[in-house]
1. Considering only residues that are of a type in the set (G, A, S) and not in a loop (DSSP other than H, G, I, E, B), look in the stretch 63-93 and name the one that is least open to solvent (accessible area, probe 1.4 Å).
2. Looking at (1) of a type in the set (D, E); (2) free of Cβ contacts under 8 Å to residues at least 12 places away in the same chain; (3) touching a Ser or Thr at 6+ places or on another chain (Cβ under 6 Å), which is the one condition that is false for E61?
3. If V158 passes every condition in (1) buried (at least 23 other Cβ atoms within 10 Å of the Cβ); (2) in contact with a Lys or Arg (Cβ under 7 Å, 6 or more places away or on another chain); (3) of a type outside the set (S, T, N, Q); (4) part of a helix (DSSP H, G or I) but one, which one does it miss?
4. Residues being open to solvent by 20 Å² or more (accessible area, probe 1.4 Å) and under 26 Å from T235 (Cβ atoms): count how many of those fall in the stretch 107-127.
5. Would you tally the residues in the stretch 39-62 being closer than 12 Å to E81 by Cα, part of a helix (DSSP H, G or I), of a type outside the set (S, T, N, Q) and open to solvent by less than 30 Å² (accessible area, probe 1.4 Å)?
6. From G208, G224, which residue is at pLDDT 95 or above, out of contact with any Phe, Trp or Tyr (no Cβ under 8 Å at 6 or more places or on another chain) and either farther than 24 Å from R251 by Cα or not hydroxyl-bearing (S, T, Y) (or both)?
7. Quick one: in the stretch 172-196, of everything that is more than 24 Å from N116 (Cα to Cα) and at pLDDT below 95, which residue is most open to solvent (accessible area, probe 1.4 Å)?
8. Among the listed residues R31, R10, R36, which satisfies the condition of being open to solvent by 10 Å² or more (accessible area, probe 1.4 Å) and assigned to a strand (DSSP E or B)?
Amino acid sequence: MTTHVSHALRVMSFNLRYASESDPHPWSERRPVMRRLLREERPQLLGTQEGLYGQLHDIAEDLGPDHDWIGLGRHGGSHDEFAAVFYDTGRLAPVEYDHFWLSDTPALIGSATWGNTVVRMATRVRFADLRTGTEFLALNTHLDHAHQYARERGAELVTRRLREAAAPALPRLVTGDFNVPAHGNPVYGAMLDGGALADSWDTAEERGPQYATFHGYKPLVPDGDRIDWILTSSTVRTLGAAINTYSEDGRFPSDHLPVQAVVEM
């Protein structure tokens, strides 16, 4: 994205597609494309979904020493997929962070109680913006792919945890793969109305073409469903939004397209 304002923050949400060499689109072939995309866009805040421990280290190496990340495997430690948050260390400094599981026992590592067989979680970070001297909350999550009840309960828990944060007046940025279309599911209403959040795509002063954010390595679908979102609180101004279609010789870095926003607190 090319929107430039001195205090603007470049944000990205990206479902990475977990690394596997048995995949028809193996990580060893996708990683160079991912590297070039991330180095071109230089996100200062990047919420990722599905990344595995070694894969996240690859991304950290490819982003370079000016980036760090926070995350925990959804089964604890380095086990299983992460909802990791990468950040530009020259711009952002974590003040505090936590992880919680999308279940009736959110403090219990690996818990799932709403009918979903895949464990789901969220990572929440309170950041200090070193350029502006202000703070904000970032939350990154991945809702269930198969169970609507689990998605709705997960959305309710996420919005409750945002409201319960130690500094409720802080600006909020929420990144994630929500596995339902924007505007087309109660989960969207729960996040926006219940969570007092706005969809950066809708509020952006400029935006690029819309595509379905999940493509499954098939031809892109113009004006398709956005299941990956960047949401903001009302105090956040979205200068620009984009769905990035970068590929090389037909090779995409993931089966999702990254969603981007340039925001100003």
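1. Among them, the one singled out is G73.
2. (3)
3. Of (1) buried (at least 23 other Cβ atoms within 10 Å of the Cβ); (2) in contact with a Lys or Arg (Cβ under 7 Å, 6 or more places away or on another chain); (3) of a type outside the set (S, T, N, Q); (4) part of a helix (DSSP H, G or I), only one is false for V158: (2).
4. Residues in the stretch 107-127 being open to solvent by 20 Å² or more (accessible area, probe 1.4 Å) and under 26 Å from T235 (Cβ atoms): 2 in total.
5. 1
6. On the way: G224 fails: out of contact with any Phe, Trp or Tyr (no Cβ under 8 Å at 6 or more places or on another chain).
None of the others qualify; the one that does is G208.
7. The selected residue is D193.
8. R10
The values are calculated or read from the model by the stated rules, or taken from the named source; none is laboratory data. Computed from a predicted structure; not experimentally measured. Using ideal geometry, Cβ is built from the backbone for each residue, glycine included, and neighbour counts are taken over all protein chains shown. Ligands, DNA and RNA are stripped out before the accessible areas are found, and what is left, the full protein with its side chains, is counted by its heavy atoms. Shrake-Rupley method; radii C 1.70, N 1.55, O 1.52, S 1.80 Å.
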